[in-house]
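Undergrad: Take this structure first; my questions come after.
The values are calculated or read from the model by the stated rules, or taken from the named source; none is laboratory data. It should be emphasised that the depicted structure is a prediction, and the values quoted were computed from it without experimental measurement. Cβ sites come from the backbone with ideal geometry, for glycine too, and all protein chains shown count toward neighbours.
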Amino acid sequence: MGEIARWVVLASVVLGSGCYFEDNVDHCDEIYIVDNKWPESTAAAPGFGSAAEAIGSTPGQVQGGTVEPSLIPLSDAQIAAIGHLGNCTGTLIGARWVLTARHCQVADSGSFCIGDSYDTAETCIPFARVYDHGRADVTLIELADEARAYMSDIEPIPMLAGTLGCEYVGEMAESAGFGASANVEFGHRYFTAEPIVAIMQEHVAIHGLGVQGLCRGDSGAPLLVTDDAGAPRVAGVLSNGHISCRERDEFWRVDQVSDWAAEKSGGAVGTAGLRP
């Protein structure tokens with residue numbers, strides 16, 4: 001699901017015993033995946049069976065992905081908010097703000113393109129400013145104008161407000177990107193629904209169990225969950241993943257950069273009061 005700067009190889013066995021946050025109180029037990037098998041001692045992630053059924057194994061689909069979201073209730077206008085930057089994926093999170101990965105090395109002269117594929121982009125919006133986080137693998141892009149000035153039927157997907165808590169471990173999440181497909185095709189947006197297996201201090205991980213996953217060119221893709229009201233929210237930004245493109249993928253948690261995003265955007269995106 002173009003090429004990324006740092007796609008790392010992760011073991012097929014999930015390492016570590018859990019995650020400890022800065023206050024050393026919160027602890028999330030990880031779900032250990034061995035040989036791409038869901039542990040018998042752990043209840044199946046809600047919706048995983050139906051999601052896997054929907055995904056199937058059609059040749060040519062992006063690493064087992066689907067053209068439409070199979071889990072998160074996105075409108076057509078919200079689907080349009082997941083666009084591309086030429087070599088990476090990005091998400092419109094505010095009227096004129098896009099979130100992607102810092103290792104994509106986005107140039108100030110770049111554009112955020114909207115459409116189902118590289119070849120059918122309906123419009124490309126030039127950047128006004130690019131803000132790279134000093135530590136996190138996150139970049140915030142300010143567009144030259146509001147996205148709706150270029151395309152009326154587009155709706156931002158906001159960042160998740162509050163902390164990504166341990167209750168999300170074992171739940172299903174969804175992501176989408178424009179990277180390499182099963183037949184090594186680039187530049188088409190596909191979705192993948194997978195269970196969250198770990199929440200760490202800075203990252204959140206999902207696992208495709210050898211069936212589906214993200215790949216080169218999906219860098220910067222959003223991790224999508226629903227909030228307490230059932231609304232789609234961006235919980236992470238794709239940072240790295242398994243070389244097979246069908247196992248563990250890790251996203252940088254947006255709640256860890258929310259203060260920074262609020263500062264850079266003048267409060268247009270992000271949520272104050274969280275860890276910087």
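Undergrad: Restricting to the stretch 186-211, name every residue that is polar (S, T, N, Q) and either within 22 Å of GLY90 (Cβ to Cβ) or under 16 Å from the mean Cα position of the chain (by Cα) (or both).
TA: Hit for the stretch 186-211 is THR192, nothing else.
Undergrad: Of everything in the stretch 239-266 that's small (Gly, Ala, Ser) and on the phi < 0 side of the Ramachandran plot, which residue is modelled with the lowest pLDDT?
TA: GLY241
Undergrad: Which of the following residues is over 24 Å from GLN105 (Cβ atoms) and at pLDDT below 90: GLY179, GLY210, GLY187?
TA: Among GLY179, GLY210, GLY187, only GLY210 is over 24 Å from GLN105 (Cβ atoms) and at pLDDT below 90.
Let's see how each residue does on (1) in the same structural domain as ALA229 (by TED's automatic domain parsing); (2) modelled with pLDDT under 95; (3) aliphatic (A, V, I, L, M); (4) on the phi > 0 side of the Ramachandran plot:
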residue: HIS84; (1), (2), (3), (4): no, yes, no, no
residue: ALA95; (1), (2), (3), (4): no, no, yes, no
residue: CYS104; (1), (2), (3), (4): no, yes, no, no
residue: HIS133; (1), (2), (3), (4): no, no, no, no
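Undergrad: Is there a residue being over 15 Å from ALA161 (Cα atoms) and surrounded by fewer than 24 Cβ atoms within 10 Å (Cβ to Cβ) anywhere in the stretch 219-230?
TA: no
Undergrad: Taking the stretch 243-261 only, how many residues are part of a loop (DSSP other than H, G, I, E, B), surrounded by fewer than 23 Cβ atoms within 10 Å (Cβ to Cβ) and not small (Gly, Ala, Ser)?
TA: Number of matching residues: 1.
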